[in-house]
Each structure stands twice: as C-alpha cells, then as structure tokens.
1. Mind listing whichever residues of segment 201-250 are among the charged types (D, E, K, R), part of a loop (DSSP other than H, G, I, E, B) and open to solvent by 70 Å² or more (accessible area, probe 1.4 Å)?
2. So the check is Cβ under 9 Å with 6+ separation or different chains; which pairs have a first residue in segment 207-226 that's under 21 Å from residue 265 (Cβ atoms) and among the aromatic types (Phe, Trp, Tyr) and a second one that's open to solvent by less than 80 Å² (accessible area, probe 1.4 Å) and assigned to a loop (DSSP other than H, G, I, E, B)?
3. Which residue pairs have Cβ atoms closer than 9 Å, lie 6 or more positions apart in sequence or on different chains, and pair a first residue in segment 279-293 that is more than 20 Å from residue 254 (Cβ to Cβ) with a second residue that is surrounded by 14 or more Cβ atoms within 10 Å (Cβ to Cβ) and of a type in the set (Gly, Ala, Ser)?
4. Would a scan of segment 180-195 turn up a residue that is without any contact (Cβ under 8 Å) to a residue 60 or more places away in the chain, open to solvent by 80 Å² or more (accessible area, probe 1.4 Å) and outside any loop (DSSP other than H, G, I, E, B)?
5. Kindly indicate the residue of segment 24-70 that is of a type in the set (Asp, Glu) and in contact (Cβ under 8 Å) with a residue 24 or more places away in the chain and also nearest to residue 176 (Cα to Cα) among those meeting that condition.
6. So which residues in segment 134-146 are in a loop (DSSP other than H, G, I, E, B) and at pLDDT 95 or above, if there are any at all?
Amino acid sequence: MSGNIFETISYTKEEPLKKHTTFRIGGAAKYFFTPKNSTEIYDIICYCRENHMPYYILGNGSNVLFSDDGYDGAVINIYNSMNDISVTGESIYAMAGALLSKIAVTAKDNELHGMEFAAGIPGTIGGAMVMNAGAYGGEMRDIVSYVDILDIDGNIRKYSCEEMCFGYRKSIVSSDMVVVGAELKLQKGDRMEIETEMERLKQLRVSKQPLEYPSAGSTFKRPEGYFAGKLIEDTGLKGYRVGDAMVSEKHCGFVINCGNATCNDVKALIGDVQDKVYEKFGVQLMPEVKIVG
C-alpha cells in the first residue's frame with residue numbers, strides 16, 4: 001500500500017450520492033474516492049479491509065439505488081478518471097469508467113460495427129461487464145474479447161469472453177473483483193449504416209422509454225417466458241406510485257423518480273409490484289437495479 005490514501009488519492013467527505021446516480025436518489029457517502037488507476041483502487045480497498053470499512057465500486061450510477069441514509073463507508077468512483085478509450089485495428093480497449101455511449105461513438109467514428117445496440121445504455125463498460133448489459137437483441141458477450149479484472153490480492157488478470165461466464169444480466173465478477181478495463185472485438189462496417197442503426201435504436205428508446213425522468217433503467221429482470229413490463233401493466237399498475245416513485249405510464253418496466261422520490265419510496269413500490277404481480281400471475285419479479293444500504 002502506497003502511503004496515506006487521504007494524501008495521495010482524490011476524495012471528498014459526505015458526498016451526496018444522488019448527484020452520482022441516474023435515479024437522483026441517495027444520502028451521503030462517508031468517503032467518495034476518485035482513483036486514477038488500478039493501484040489506487042487497490043490501495044483504497046486495502047485501507048477499507050484494514051479498517052473494517054465497507055466499500056462500493058461505482059461507475060455512472062445508472063443501475064443502483066442508494067439508501068436515504070447514505071453509505072457509511074467508501075464509494076470508489078471510477079467514472080470520472082478511469083475512462084480512456086483506444087482503438088487498434090478492429091478492437092477497442094476501454095477503461096472501466098468509459099461510458100458505453102462514448103465507446104459506441106468511437107466505434108462509429110472508426111467505422112467499426114457491432115456496438116450499435118449499446119449506444120443508448122447509460123452505463124459504463126465496467127458495469128456492463130459485471131452484468132452482461134444488453135439491449136435490442138445484443139449483449140456484451142457478443143463483442144467482448146477479454147476483460148481485465150483486479151483481484152483480491154491486487155493482481156490484474158485477463159479473463160477471456162468464455163472465462164467471464166456471461167449469462168442473462170450476470171457474469172463471473174464477484175464482490176471481491178473489480179473490472180478495470182475490457183477489449184471489444186468489432187468488425188469493419190460502413191459509417192453511414194452504423195450511424196443510421198444507432199439513430200434507429202435511439203428513436204425506439206425515445207418513443208418507448210421514459211427518458212425524461214430519472215430512473216435506473218429497467219427495474220426488473222426479464223422473467224423466463226415473460227416480459228416484466230407487460231406483467232406489470234396487465235396487473236393494472238401503470239402509473240402506480242408510492243410517494244414520488246412511480247411505475248412509468250410510458251413503459252411499465254421502469255420505475256421513475258417523478259419528483260423527490262426517496263429510496264424507501266422506490267423499495268416500497270418495488271415490493272408492492274412484486275406482490276401484486278405474483279398474486280395475479282404467480283411470477284416472481286426480481287429487481288435488476290442494485291439496492292445498496
């Protein structure tokens with residue numbers, strides 16, 4: 001461990017987490033670190049372990065719901081400083097904090113095809129590796145060459161796409177592993193065709209998703225054989241709300257913050273939706289959003 005982390009690594013105290021999540025919900029983090037590289041990440045983790053302090057790796061905050069009471073530990077934010085993107089031939093390497101949207105634009109600018117489906121996903125490549133993010137028929141496992149992961153001993157190991165064991169919204173990445181970067185293998189394509197496809201998918205999102213409200217994207221995982229949004233709508237829950245948390249009237253698979261929703265509002269609404277859908281259809285909806293604290 002290199003020195004005192006509070007002297008060598010950028011951080012703030014009592015940082016409001018609602019500023020760092022797309023839900024715009026959450027209390028303050030005791031410490032909010034912005035490391036520049038994997039060595040600094042490891043130093044922070046070592047400090048936390050030595051001091052019995054919890055830590056949480058945060059990207060763009062697009063799939064997380066923090067407690068109203070905040071986080072009594074260290075939030076390690078990789079979005080702000082670890083976001084470089086480089087292109088070599090038909091491959092793109094991106095550090096874990098790089099936004100999928102920016103990687104998709106980089107691919108388009110370099111006439112590389114295969115990343116179009118991810119252009120509108122509001123997360124980082126790190127989070128996308130953890131949960132095998134996907135949309136419109138594409139998934140990260142379709143384009144991953146390898147993933148660099150920091151392990152519990154501070155070593156970085158390359159995991160091939162096969163070794164990542166990608167499944168539906170899951171991978172091999174566990175709580176003691178940190179994604180620090182990934183290489184994507186794409187194919188040469190026509191820039192105009194790539195741009196046209198990205199625009200088509202953008203219009204689909206705009207027309208079908210409540211992008212005008214803060215949310216964490218799809219709130220529930222897709223149950224096998226069903227669509228979560230349709231089950232929720234068929235249960236009569238379109239527009240159902242608890243406080244300022246509401247089931248979107250535009251897409252019932254989204255829970256939105258339509259004002260000043262609290263974490264407790266969202267959790268209560270999720271619980272109500274789960275209970276009512278199970279009562280009507282016998283299907284157990286599981287949250288896709290990660291609830292922390």
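The values are calculated or read from the model by the stated rules, or taken from the named source; none is laboratory data. Just so it is clear, the model here is predicted, and its values are computed rather than measured. Every residue, glycine as well, gets a Cβ built from its backbone with ideal geometry; the counts of neighbours run over all protein chains shown. Just so you know, the surface numbers come from the protein's heavy atoms only, side chains and all, with ligands and any DNA or RNA stripped out. Shrake-Rupley method; radii C 1.70, N 1.55, O 1.52, S 1.80 Å.
1. Restricting attention to segment 201-250, the residues satisfying the condition of being among the charged types (D, E, K, R) are 202, 205, 208, 212, 221-222, 224, 230, 233-234, 238, 241, 244, 249-250.
Applying the additional criterion that residues be part of a loop (DSSP other than H, G, I, E, B) yields 212, 221-222, 224, 238, 244, 249-250.
Of everything in segment 201-250, those that are among the charged types (D, E, K, R), part of a loop (DSSP other than H, G, I, E, B) and open to solvent by 70 Å² or more (accessible area, probe 1.4 Å) turn out to be 212, 221, 222, 224, 238, 249, 250.
2. From segment 207-226, the pairs are 213/248; 213/258; 220/253; 220/285; 220/288; 220/289.
3. Here the result reads 293/26; 293/27; 293/67; 293/70, each pair linking segment 279-293 to a residue that is surrounded by 14 or more Cβ atoms within 10 Å (Cβ to Cβ) and of a type in the set (Gly, Ala, Ser).
4. Filtering segment 180-195 down to residues without any contact (Cβ under 8 Å) to a residue 60 or more places away in the chain leaves 192.
Subset that is open to solvent by 80 Å² or more (accessible area, probe 1.4 Å): 192.
Remaining after also requiring outside any loop (DSSP other than H, G, I, E, B): 192.
So far as segment 180-195 goes, yes, one or more of its residues are without any contact (Cβ under 8 Å) to a residue 60 or more places away in the chain, open to solvent by 80 Å² or more (accessible area, probe 1.4 Å) and outside any loop (DSSP other than H, G, I, E, B).
5. Filtering segment 24-70 down to residues of a type in the set (Asp, Glu) leaves 40, 43, 50, 68-69.
Subsequent filtering for residues that are in contact (Cβ under 8 Å) with a residue 24 or more places away in the chain retains 40, 43, 68-69.
On the way: 40: 15, 43: 14, 68: 25, 69: 24 Å.
It comes out as 43.
6. Answer for segment 134-146, where residues must be in a loop (DSSP other than H, G, I, E, B) and at pLDDT 95 or above: just 143.
Yes or no, residue by residue, for (1) open to solvent by less than 10 Å² (accessible area, probe 1.4 Å); (2) assigned to a loop (DSSP other than H, G, I, E, B); (3) within 30 Å of residue 199 (Cα to Cα):
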| site | (1), (2), (3) |
| --- | --- |
| 108 | no, no, yes |
| 121 | no, yes, yes |
| 130 | no, no, yes |
| 159 | no, no, no |
| 164 | yes, yes, no |
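Residue-by-condition table, conditions (1) in contact with a His (Cβ under 9 Å, 6 or more places away or on another chain); (2) of a type in the set (S, T, N, Q); (3) exposed (fewer than 15 other Cβ atoms within 10 Å of the Cβ):
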site	(1), (2), (3)
6	no, no, yes
17	no, no, no
22	no, yes, no
30	no, no, no
33	no, no, no
36	no, no, yes
61	yes, no, no
94	no, no, no
